[in-house]
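Read the structure below first, then the notes.
The values are calculated or read from the model by the stated rules, or taken from the named source; none is laboratory data. Everything numeric here is computed off the predicted structure, so don't read it as measured data. Reconstructed Cβ throughout: ideal geometry from the backbone, glycine too, with neighbour counts over all protein chains shown. Ligands, DNA and RNA are excluded from the accessible area calculation, which covers all protein heavy atoms including side chains. Shrake-Rupley method; radii C 1.70, N 1.55, O 1.52, S 1.80 Å.
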Amino acid sequence: MATAASNTALTSGGSVTPHDPEATAPDSTRSRRRHLRFLSSPKAAVGAGLLLFFTILAIVGPYITPYDPSARSNDLLQAPSWHHWFGTTHLGQDIFSQVVDGTRSVMYVGFLAGLVASALAVLIGVTSGYLGGFASDLLSALTNVFLVIPALLLIIIITSSLPTGGETVVGLVIGFTSWAWGARVLRAQTLSLRRRDFIEAARATGESTWRIIAFELLPNLSAVIISGFIGTMIYAVMSEIILAFIGVPGLADWNWGTVLYWAQSQQALAQGAWWWFVPAGLAIAILGTSLSLVNFGIDEFVNPRLRNNGERGAKGADGRPVRMRVGFTPVVIPIPDEPEAGTGVIGSTSTSEDVAQ
Amino acid sequence: MSSKVSGKEPVLEIQNLCVDYGLGKESVQAVRDVSLTLHRGEVLGLAGESGSGKSTLAYGLTRLLPPPGVITGGKVIYHQPGGDPVDVLRLSDAGLRQFRWAETSIVFQGAMNSLNPVHTVASQLMDVIAAHEPKMSKSARLARAKELLKLVGISPDRLGSYPHQLSGGMRQRVMIGMALALEPQVVIMDEPTTALDVVMQRQILRQLVDLRERLGFSVLFITHDLSLLVEFSDRIAIMYGGRIVEEAPAAKLYKDPLHPYSHGLLNAFPPLRGERRELSGIPGSPPDLRSMPTGCAFHPRCPKAFDPCRTDLPLLAAPADRTEEDRTGGERTVACWLHPGA
Amino acid sequence: MTLTHTSDQPPAPPDNDTVLEADGLTKHFAVRRVGRQAMTRAPRVVHAVDDVTLTLRRGRVTALVGESGSGKSTVARLLAQLYPRTGGDIRLHGTSVTVRGGRRFRAYNRKVQMIFQDPFASLNPVHTIRYHLSRALRIHGHGGNGAAELQQALEELLERVQLTPATRYLDKFPHELSGGQRQRVAIARALAADPEALLADEPVSMLDVSIRLGVLNLLRDLKERLHLAILYITHDIASARYFADDTLVMYAGRMVEGGDSETVTQNPAHPYTQLLISSAPDPDRIVGEGTPDDTVDASGGEPPSLIDPPAGCRFNPRCPHAMDICRTELPPRLPVDGNPDHWASCWLFDAEHGPAKAESAAKAETPAETPSEVSEYSNFPGSDPPDPHETRSGSESDQGSAEGGAR
Amino acid sequence: MKYFLQRLAFYLFTAWAAITINFFIPRLIPGDPVMALINKNRGQIDSHAIASLYILFGLNKHQSLWDQYTAYLAKLAHGDLGISFSNFPTPVSTILANALPWTICLAGAATIISFALGTFLGVLSGWLRGSRLDFVLPVTTFISSIPAFWLGLLTVATVIAVGSTFPVSGGYDPGLIPHADTTFIGSAIEHSWLPLGMLVITTMSGWILSMRNMMVTVGSEDYITVAQAKGLSDRRVMFSYAARNALLPNVSGFSLAIGQILGSTVLVEIVFNYPGIGYEMLQAVGSTDYPLMQGVFLCITLAVLVANLLADIAYLILDPRTRKEG
């Protein structure tokens, strides 16, 4: 769930520290442009690819289902087959169609809640971080209250007592109750950015407050905002599925949670109908994994310490593969086919014989 | 500072050390083929600007360089008093652990971050003693910790303090005291006073010199502040672009710098006394390790560069034009085509 | 843009005209009180800057020298009106100015621009050099009409700070430039407003030693060509001597000495200035054998807590010449050796209270260069326990609590 | 101490906020929620329950909102959470009193085990980064994305499929009466294995990941290099220097995790028919038993606050910087 991502994001706040001019290690990535660079991490690329797949499925899903997901048939409770890839329910409904059709509801709620929560998080987090003073303390206290109150239960109570349901309402409720984590991270980041000289320099140049927030502060927060958006999306998807699973009314006929709800309530377990709940659960896990992977990419982008350094496969002085460790710098034997270590780096190195003359 | 302790017996010999950042195609060479000898009881200054590789050298020779640093060649020979010389780079992990701090200790630049924030000063002073002298009793370790604090001029009732309760100067003193805990032969100081104010800096350096005279350890002193080194070290080595470009006794380097870079560095510090004159510093920027100039790395910034500088790398050697004098006054070497080796 | 129009302006006032003045400038930062303290304790403040008076003149560099925490950077930010001041006055061309954002702030900082210490932090990593400079030009109405004029203005700006050819730098991001180049961009940004006064907060201390003088020389060159009044803040008194016409010395939030740079550095009057100069690295100094190095100093030269600064002269706990009056009465600015341009806030220079005057004046005439002079300072800063904060908890941990409260 | 009092004040404030939110939710819902409920239940609600619903929802038009609020607080102060109408006329407090110990034990054990185990594995995998332990990262990422309840479903199905008699349902053997004797406790422990396992597996990954990241981040701090330079044993550097510091953000991030663990517990209880709060919650949602839902919410919120307070005390002990002035 969001825990891992959130903790990293909270702590990686420290990484946006002033550049150390004495740093001797050259940052090879500095020369490249920053945008979308996080996709260069294989983790993030895989995650983004999967995410794209689910997004497309959410858009076209209902049009490509082989069957009407609600339509009953005579193939009752059948194991996966060529006709029914994921098998059928006790009413003969096609589970594959249900899962594919249900993608839209899941993704929609995730996006909507993510958007609402991110907007609130930016509004509250950045404001309280930038302004300071009493208003800032108040907003911070509000954030902490929402952080501590178990949001899932609140969501369950609110959605189950609302007279009208639907994805939009559920998405909004989730969004309005789950912004606090993002707001806290953004506040911390804003506080640390605000002390940076470039913000003060922008003020000293004569930039207006709103321009500083919009053009100096926010671009530097984009990674954190996206990371928060994705974190909320994971959370929202999980919450919606849980709501559907415990039977909170008002959700669309088909999403991964309702599939699980029917599986659970119709004793699919006892009947050994594993196909009824395995695909939907796997879909949840894969979607969650893909979102987490994208977030790892962002984390590594924000916090360079998390990146993997160096290449694999080099041999150390003891003949074993080199592992980069703090405190024990590896001693590497240069690759034999190179005549001298590093001649490639210096354009033309004169050898000692040249000098001796 | 004073040259009265300048023994000629080597205690630490660095031979052709090469250090890279990263492996494979992306790697850059930060320290290239550096040889340097630290003699028993002397203060050897290592100067250069950022990126010159001076800190990389210090961390490399102790194998403390963080990833992605790798050592790609060379030897670091440590001469134990009354024992066989050992190559630090060939030590096993366990051997290295045993060697560290007992033989060479390090004082880092940021005293602020060098102490573990969650443990008391006493616990951090004592754990290093416990690691190397496991038989020592706890009360003996505590007594030693007290002694160490006294040594660096801190009241022993500070033992229970956490690092955040100490000022920057006190933290750096604690680090120096810790560095001396096992009476090592070599103390490496990486910009130990850069973060401190000048008054504090002078006090700490004074204290260090005093301790050095009493305890007889050698110091490898790394800083970008050459004017400080001239005052406080016996010999000075100047690094540029990962190589040592000049090495000489401090006074000699100050009076008669041979390498144009040393000359430029000395002129980069406006004097407090004497005539006020226009100084220029060194034009251009320090080199980028990823695209080092050919030949002498300094030639793009050198006012005296001529043809061979652009293509041929000058090697560190005793300058032919100064040899006569140097035989009497101590050794010096320089890597510059203006002063080719004999 | 404006680079040429300085010549079109009405007859330029002569150099040495007063541009910016600070009179009794004071800044206290509130320390956050938590919980019970709010009821029981009096409001605690950090006396960051107390009663600072200085004048920036056209075509002159005034250095403000002090150690970290002495309040020198706060002075710059107060002068730039980035912080509201607690007390005192700031006058631009003799007119008192207090601005807090908005249009009037822009009008003010069109005349008074600031350069920050860390060029790695003072440029926004997400924007190009072009963006930084165009914004500065546009804000102050020097962007010209249309893209061509803007481009020309940008190129002229970069040429002024010796970044040529300008086109090579315009579309780079800050991280693609070296420290020295970034600081030049920062200077160009300040120049975009076509200011009269430049507040340079340690403009070279983060740069590589070899390029510091290059940047200082550039500033001096700009000062001469554009007749700027420059406040040069530094902890390096030797560079103040090199670069500045006048030098002011600050200690623990107060100014302790001021005068012509050469006079202040060669004949330091205030014991603190003397300590500062004797502590600065100086390769010419030969530390003789007779130096009593073994006087290990118990407390180190730490400045006092600014939350509860010592009464009287703030340097008294560390001062070897401290008299009774130093512990109770704040010393006024007193002329040194009858020189009206050289003053020190030290009772030693008071006719009535300065019993040591003759001695110290004699000392001041022979600058601290003999070994015996040096040795005097090696053992004075508090081998006795004069500093109450030193023995309790370091001054930094006091500040830590102030920050901790603010979280 | 100051820090502790500050946190205590904050939790009291939060508790008040949660109670107030609880009060306002039914009042902010448009329309007549009671009628909506009755309609949903197609008139199956007892008429007494309807009356109690109206009082609970504060739709008593004769009372001002403030009076309703004070009355609500007064009732709460006496432990009166209203009457459950799915179990009419059992008071909500009675139901919760029976269910709460189960949940607290399950969630508490799960939290402690998963935190301890996850932190330990995170420390190892972070410290040994670049070694074979790197496989932990993708595996835990995947596991952390699996909902605990679904893993529970799979397990139940598997246990049934292999024909094992291992208990997969309920909190104790059906024949037993809850009582503090060894048979009962043994049975309860046996029944708790699977739900506990599911919770630990799924929540542990979060700790592993965040601890690993923190270890990597802390690993490049100067004091770690100093510790290595001092020649301390690897174990000492790893635990006493790296892990000790890496732990701090994890402890302060506890408040995020505890809510989620309780959320997962609720779901897992449903899957295993475990007689805790979650099971009651499912009943309440199924029959729109509003008083019961609110009671569950308040209970869990208070439990979360207490857990957070404990985490804060742990932080206080672990980080000397927070207990500076005693």
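Odds and ends about this structure:
- Degrees, to the nearest 10: D:277-286 long Cα axis against longest axis of chain D: 40
- With N counted as the residues of the range D:73-153, its alpha-carbon radius of gyration over 2.2 N^0.38 Å works out to 1.78.
- If you sort C:96, A:161 by accessible surface, 1.4 Å probe, largest first, the order is C:96, A:161.
- In order along the range D:233-243, the phi-based Karplus estimate (6.51 cos²θ - 1.76 cosθ + 1.60, θ = phi - 60°) of 3J(HN,Hα) comes to 5, 4, 5, 5, 5, 5, 8, 6, 9, 6, 5 Hz; Gly and Pro are listed as x.
- Binned Cα-Cα distances of the range D:124-199, short to long, each 10 Å bin given as a whole percent: 17, 32, 26, 18, 8, 0
- For chain D, relative contact order (Cα pairs under 8 Å, six or more residues apart, normalised by length) works out to 27 percent.
- For q = 0.26 Å⁻¹, Debye-computed log10 I/I(0) when each Cα of the range B:115-183 counts as one equal scatterer: -1.20
- 0 to 90° range, to nearest 10: angle between helix D:182-219 axis and chain D longest Cα axis: 50
- Cα gyration tensor, the range B:232-342 - rounded (a/c under 1.5), prolate or oblate: oblate
- Share antiparallel - DSSP beta bridges, chain B, percent rounded to 5: 60
- Based on DSSP H segments of at least four residues, each scored -39500 (n - 2.57), chain B has a per-residue ellipticity at 222 nm of -9000 deg cm²/dmol.
- Neighbour-limited loop hits for trypsin sites (Lys or Arg not before Pro), the range B:52-153 (at most 16 other Cβ within 10 Å; DSSP other than H, G, I, E, B): B:135
- FRET efficiency, residue D:190 to residue A:286 (Cβ-Cβ, R0 35 Å, nearest 0.05): 0.55
- Relative contact order %, the range B:15-93, counting alpha carbon pairs below 8 Å whose residues are six or more apart: 34
- The alpha carbons of the range D:97-323 give a radius of gyration and a Dmax of 20.0, 65 Å, in that order.
- Listed cross-link partners A:43/B:25; B:8/B:135; C:72/C:223 are compared with a 29 Å cut-off, the Cα-Cα value being larger for B:8/B:135.
- Segment residue A:119..residue A:90, full-extension length gain: 6.2 nm, with 0.36 nm per residue of separation and the alpha-carbon distance subtracted.
- Kyte-Doolittle mean at least 0.5, axial Cα span of 15 Å or more - DSSP H helices of chain B: B:121-132
- Cβ-defined net charge surrounding residue B:277, 15 Å radius [Lys, Arg +1; Asp, Glu -1]: 0
- Between the range B:58-118 and the range B:191-246, the alpha-carbon center distance in angstrom: 19
- Separation between Cα centres of the range C:152-193 and the range C:86-125, rounded to whole Å: 21
- Taking every alpha-carbon pair under 8 Å whose residues sit at least 6 apart, the range B:197-304 reaches a relative contact order of 18 percent.
- Whole-Hz ³J(HN,Hα) from phi, Karplus 6.51 cos²θ - 1.76 cosθ + 1.60, for the range D:75-80, glycine and proline x: 4, 4, 4, 8, x, 8
- Computed over the range A:94-158, the ratio Rg/Rh where both radii use C-alpha atoms and Rh is Kirkwood: 1.20
- Computed from point charges on the beta carbon alone (+1 for Lys and Arg, -1 for Asp and Glu), the dipole magnitude for the range D:97-323 about its Cα centre is near 860 Debye.
- Gyration tensor (alpha-carbon) shape descriptor, the range B:1-94, a/c threshold 1.5: oblate
- Counting only alpha carbon atoms, the long axis of helix D:254-271 and the longest principal axis of chain D meet at about 60°.
- The range A:85-97 - phi-based ³J(HN,Hα) in whole Hz, Karplus 6.51/-1.76/1.60, Gly and Pro as x: 4, 10, x, 10, 8, 5, 9, x, 6, 7, 6, 4, 4
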